[in-house]
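Report on the structure given below.
The values are calculated or read from the model by the stated rules, or taken from the named source; none is laboratory data. In this text the structure is predicted, and so the values were computed from the model without any measurement. Ideal geometry is used to build each Cβ from the backbone, glycine not excepted, and the neighbour counts take in all protein chains shown. These accessible areas exclude ligands, DNA and RNA; they are computed on the full protein's heavy atoms, side chains included. Shrake-Rupley method; radii C 1.70, N 1.55, O 1.52, S 1.80 Å.
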Amino acid sequence: MFGRARNLFERLIIGDSVPALVRWGKRVPRSIIKGIQEDGFRAVIHHAARRQKFFARQLDERGIDPSRVRRPEDLGDIFTTSEDLRSQPAEDFLCGEPQLVFETTGTSGGSKRVYFSYDELEFTARYEAAAMYEDGVRPGDRLVCTFDAGYWISSWVTFLACKRLGVFCSAVGKPHPRDVYSRMKEYRYNVITADPTWLVSFSEIAEQGGVFPVKLIFAAGDRMTEVYRDYVQRVWKCPVVLGYGSTEQGGGVGMECLRREGMHLDEYNYYFEILEPDADGYGELVVTTLSRRIMPLIRYRVRDVTRWIEEPCPCGATLRRIARIRGRRDEMVVMGAGNMYPEIFEQVLHDVKGLSETWQVAVRQEGLHDVLEFRLELTNGISSPAVESAVRENMKSRYPDVWANHLCGMYRLAFRFLPAGSLEQGRKPRRLVDERNPE
Ligand SMILES: [Zn+2]
């Protein structure tokens, strides 16, 4: 019922207008959003059960009748994983003739291919445009997008979102920050969309050479620490807003509002679950695509770990928010310090002077105790005691809970200092490793 009403409403009342989509979509009561989601879920299950070999096989193996599936729990342990996408032929996921393909490479080798129709890409861009509009992008603005192009989806979605908004757009792949900086005056860009590390280098150039009037910066959120964000905001004197998404999910699925306190999710087109939440509510994000029909993904395990922010957002939007991504599920190590993610150590180490970019933290065992060992490469002849005390100080101030467990004796800290270049042998080392004996 909700699904059909939504389609009619979108077609007749909202039409192509992005401002109308924001106006109508922003304050829909939770009960109606929930109804739209449940209808959308049933519809995509019905579609995939008939047309997607991979999903039909899974239902079959477990003897589940798709017409009885109403919510994700009814599917038991049926998921789609990145390994499935990598190892099974594309035909097993396709439910129709595709017109576009994008790829994504993970940390564990091999690319995942995700197929779309033109209409699906345009549809995604429409919601991306709505999020950008809500954050203040208007016709007449000039946007430069420096997301890596290649087979990735994000620069295309940004490009099409700009087209919808009537915004001048340069989606130029990922040039050197200097190349964009040198064109800022000529093209009068006032909105920037980029990756965090690119933005930091770009801002360093601007700090030296002078800034231009920029009103808004969008950053792909997963590696944007608050320290980076503060720096970029300070240099450009404008808000840096984080977005979240991936090629498998079909581009952006969430974005912060200008309050910048968690990312609102697109619950009209995706059904999100947080799997096996820990005591703090953190668990793995699982997503079902509700609107795609060429290659829908049913309960796709994104592997990113986050939690719901339950309180309603003061901005008034009724779409729920998630907290910043804490890390990848397969990078998590559970130990005496708590649930550890590489992001924690990135936050602790990034501004410690005298260290190279490459580091590793290992969880070891000594007798009955966990040891958290920092393996760090010293540069610039800075003394190891100075580094050690800076690391301890950062842990104490930035992760008081983790530090409290240290004071309670639940784990010990250790440091190993190595000459620059010794950790990196051919490939980047894993940033967090568990070297405890499983016995
Ligand atoms: Zn908000």
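Cβ-Cβ distances below 8 Å connect the following pairs, each with a first residue in segment 377-390 that is touching a residue at least 24 places away in the same chain (Cβ under 8 Å), a second residue that is among the aliphatic types (A, V, I, L, M) and assigned to a helix (DSSP H, G or I), and a separation of six or more residues or different chains: L378/V387. Taking the criterion of being surrounded by 24 or more Cβ atoms within 10 Å (Cβ to Cβ) and within 16 Å of the ligand (Cβ to nearest atom), the residues of segment 245-263 that qualify are G252, V253, G254, M255, E256, M263. Of all residues in segment 60-84, which are open to solvent by 80 Å² or more (accessible area, probe 1.4 Å) and without any contact (Cβ under 8 Å) to a residue 24 or more places away in the chain? Listed by number, the residues that qualify are D60, E61, R62, S67, R68, E73, D77, E83. Taken over segment 160-185, residues that are in a helix (DSSP H, G or I) and within 22 Å of F212 (Cβ to Cβ) amount to 9. Taken over segment 120-149, the criterion of being in a helix (DSSP H, G or I), of a type in the set (A, V, I, L, M, F, W, C) and over 19 Å from the mean Cα position of the chain (by Cα) is satisfied by F123 alone. So, V211, is that one surrounded by fewer than 18 Cβ atoms within 10 Å (Cβ to Cβ), outside any strand (DSSP E or B), touching a His at 6+ places or on another chain (Cβ under 8 Å) and not charged (D, E, K, R) or not? Against the criterion (surrounded by fewer than 18 Cβ atoms within 10 Å (Cβ to Cβ), outside any strand (DSSP E or B), touching a His at 6+ places or on another chain (Cβ under 8 Å) and not charged (D, E, K, R)), V211 does not qualify. Please verify whether segment 311-328 includes one or more residues that are at positive phi, within 13 Å of the ligand (Cβ to nearest atom), open to solvent by less than 40 Å² (accessible area, probe 1.4 Å) and not in a strand (DSSP E or B). Looking through segment 311-328, at least one residue is at positive phi, within 13 Å of the ligand (Cβ to nearest atom), open to solvent by less than 40 Å² (accessible area, probe 1.4 Å) and not in a strand (DSSP E or B). The condition of being open to solvent by 50 Å² or more (accessible area, probe 1.4 Å) and more than 25 Å from L242 (Cβ to Cβ) holds for only one of S87, S111, S117, that being S87.
If you go through segment 336-383 and keep only what is in a loop (DSSP other than H, G, I, E, B) and more than 25 Å from R303 (Cβ to Cβ), you end up with D351, V352, K353, G354, G367, L368, T379, N380, G381, I382, S383. Taking the listed residues I298, I294, the one that is away from the ligand (no atom under 15 Å from the Cβ), more than 21 Å from F147 (Cα to Cα), open to solvent by less than 10 Å² (accessible area, probe 1.4 Å) and in contact (Cβ under 8 Å) with a residue 40 or more places away in the chain is I298, with no other qualifying.
Quick check on P277: is it over 19 Å from the mean Cα position of the chain (by Cα) and either closer than 19 Å to R71 by Cβ or within 16 Å of the ligand (Cβ to nearest atom) (or both)?
It is false that P277 is over 19 Å from the mean Cα position of the chain (by Cα) and either closer than 19 Å to R71 by Cβ or within 16 Å of the ligand (Cβ to nearest atom) (or both).
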